[in-house]
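*Asks:* Can you read through this structure? Questions will come right after.
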Amino acid sequence: MVIKFVSRMFVLLSVLFLTSSLALAGDYFEKDGVALRGYDPVAYFTAGKPTMGSAAHSFTYKGSKFYFATAENQKAFEKNPEKYAPQFGGYCAFGTANGVKVSTQPEAFAVVGGKLYLNHDPQTHEKWKADPPGNISKAQKNWPEVQKKDQLDK
């Protein structure tokens with residue numbers, strides 16, 4: 001009887017541990033537990049370029065930790081995260097337009113219509129730039145399904 005109870009407790013604790021560790025992942029592309037590889041999402045709008053953030057200025061949004069270069073950028077994000085958060089969970093906009101979920105690089109970005117779009121790498125970004133409105137439209141249609149997929153290039 002005791003062995004059966006201990007066995008059941010082990011299984012229950014294992015399930016709880018697994019589900020809690022899965023819940024740790026946020027809604028955005030993360031590298032080493034930080035969204036956007038640690039780059040400041042607000043800086044794409046204010047500085048017009050990728051700028052590394054700092055753990056000293058961080059904020060968790062939708063389960064993902066974002067870093068900011070300055071306290072001012074952190075406050076701006078906290079006030080209006082939807083304005084600054086990258087589209088498609090920070091995953092590649094071109095990949096999403098083509099039905100796949102892949103990582104992004106900080107320098108492969110564009111701000112279009114007041115929204116931040118990231119791409120897998122500079123070469124992919126060049127392809128995306130051939131038709132931003134078309135690629136955004138396709139990605140918006142595909143995102144609900146792509147969002148459920150596993151990232152291809154973990």
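*Asks:* Are any residues in region 59-80 open to solvent by less than 20 Å² (accessible area, probe 1.4 Å) and within 14 Å of the chain's Cα centre (by Cα), and if so, which ones?
*Replies:* Those that are open to solvent by less than 20 Å² (accessible area, probe 1.4 Å) and within 14 Å of the chain's Cα centre (by Cα): S64, F66.
*Asks:* Right, here's the next one. How about region 49-78: which of its residues are within 13 Å of P106 (Cβ to Cβ) and not in a strand (DSSP E or B)?
*Replies:* K49, P50, T51, G53, A69
*Asks:* Considering only region 30-60, state which residues are in contact with a helix residue (DSSP H, G or I) (Cβ under 7 Å, 6 or more places away or on another chain) and at pLDDT below 95.
*Replies:* Selection gives K31 alone.
*Asks:* Please give the number of the condition F88 fails out of (1) part of a helix (DSSP H, G or I); (2) within 20 Å of V42 (Cα to Cα); (3) open to solvent by 50 Å² or more (accessible area, probe 1.4 Å); (4) not acidic (D, E).
*Replies:* Here F88 meets the rest and fails (3).
*Asks:* Next question. Looking only at residues that are part of a strand (DSSP E or B) and not hydrophobic (A, V, I, L, M, F, W, C) in region 29-48, which one is most open to solvent (accessible area, probe 1.4 Å)?
*Replies:* K31
Listed here are the residues, each with its yes/no results for (1) of a type in the set (A, V, I, L, M, F, W, C); (2) assigned to a helix (DSSP H, G or I); (3) within 12 Å of F88 (Cα to Cα).
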site	(1), (2), (3)
T124	no, yes, no
G134	no, yes, no
N142	no, yes, yes
E145	no, yes, yes
D150	no, no, no
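*Asks:* Here's something else I'd like to know. Based on what the data block shows, is V102 touching a residue at least 24 places away in the same chain (Cβ under 8 Å), in contact with a Gly (Cβ under 7 Å, 6 or more places away or on another chain) and not in a helix (DSSP H, G or I)?
*Replies:* For V102, the condition - touching a residue at least 24 places away in the same chain (Cβ under 8 Å), in contact with a Gly (Cβ under 7 Å, 6 or more places away or on another chain) and not in a helix (DSSP H, G or I) - is met.
*Asks:* Being closer than 15 Å to F77 by Cβ, in contact with a Lys or Arg (Cβ under 6 Å, 6 or more places away or on another chain) and in contact (Cβ under 8 Å) with a residue 60 or more places away in the chain is the filter here; which residues of region 26-59 pass it?
*Replies:* D27
*Asks:* Something else now. Can you find a residue in region 14-27 that is surrounded by 14 or more Cβ atoms within 10 Å (Cβ to Cβ), at pLDDT below 95 and within 22 Å of Q147 (Cα to Cα)?
*Replies:* Yes, region 14-27 contains a residue that is surrounded by 14 or more Cβ atoms within 10 Å (Cβ to Cβ), at pLDDT below 95 and within 22 Å of Q147 (Cα to Cα).
The values are calculated or read from the model by the stated rules, or taken from the named source; none is laboratory data. Keep in mind that this is a model prediction, so the values were computed, not measured. Virtual Cβ from ideal backbone geometry, glycine too; neighbours counted across all protein chains shown. Each accessible area value is taken on the protein alone, full model and side chains, heavy atoms only, with ligands, DNA and RNA left out. Shrake-Rupley method; radii C 1.70, N 1.55, O 1.52, S 1.80 Å.
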